[in-house]
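Each remark here refers to the structure printed beneath this line.
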């Protein structure tokens, strides 16, 4: 396995790309998302924000499962890419709480295009072969009159 910081200059001068886990850096260069310090969760956030289905296809493992504990539903890779690529959600106050090579935890406020109640979402992600294979979420609905405690 090559280190991204070692190959960056070679990539910038014409090598088509290389594999890091299951993700080809040439694709990220094409869409302008490459950062030698960008984590899987940062790449996923960029892909969601830019509705970049090609990056999503590479980030999610073929056996990917998304489990929503708030609704009791489970969806697959293709379902997640269809939903995320539709622009049906807007994320704010995003932050990565923890990430290593095996797992990642993030928190954000999510607003839905269909007008349903916004939620505070805590997400746990498990990684396999350099891709996201599992996401589990817990969500708290936010009422219209929601205020941050310090603002009360």
If you scan the stretch 104-121, which residues turn out to be surrounded by fewer than 17 Cβ atoms within 10 Å (Cβ to Cβ) and either under 18 Å from residue 64 (Cα atoms) or in contact with a helix residue (DSSP H, G or I) (Cβ under 8 Å, 6 or more places away or on another chain) (or both)?
105
What is the residue count in the stretch 126-146 for residues that are more than 15 Å from residue 94 (Cα to Cα) and either surrounded by 16 or more Cβ atoms within 10 Å (Cβ to Cβ) or under 14 Å from the mean Cα position of the chain (by Cα) (or both)?
9
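If a residue must be loosely packed, with under 12 Cβ neighbours inside 10 Å and assigned to a strand (DSSP E or B), how many such residues does the stretch 87-103 contain? Walk me through it before giving the result.
Pass one, the stretch 87-103, residues loosely packed, with under 12 Cβ neighbours inside 10 Å: 87, 92-93, 95, 98, 100-102.
From the residues that got through so far, the ones that are assigned to a strand (DSSP E or B) too are 92-93, 95, 98.
Going through the stretch 87-103 one residue at a time, the tally reaches 4.
Quick note: the coordinates plus some simple rules give every number you see, no bench work behind them. Nothing here was measured: the structure is a model prediction, and the numbers come from that model. Note that we place each Cβ from the backbone using ideal geometry, even for glycine, and neighbour counts take in every protein chain shown.
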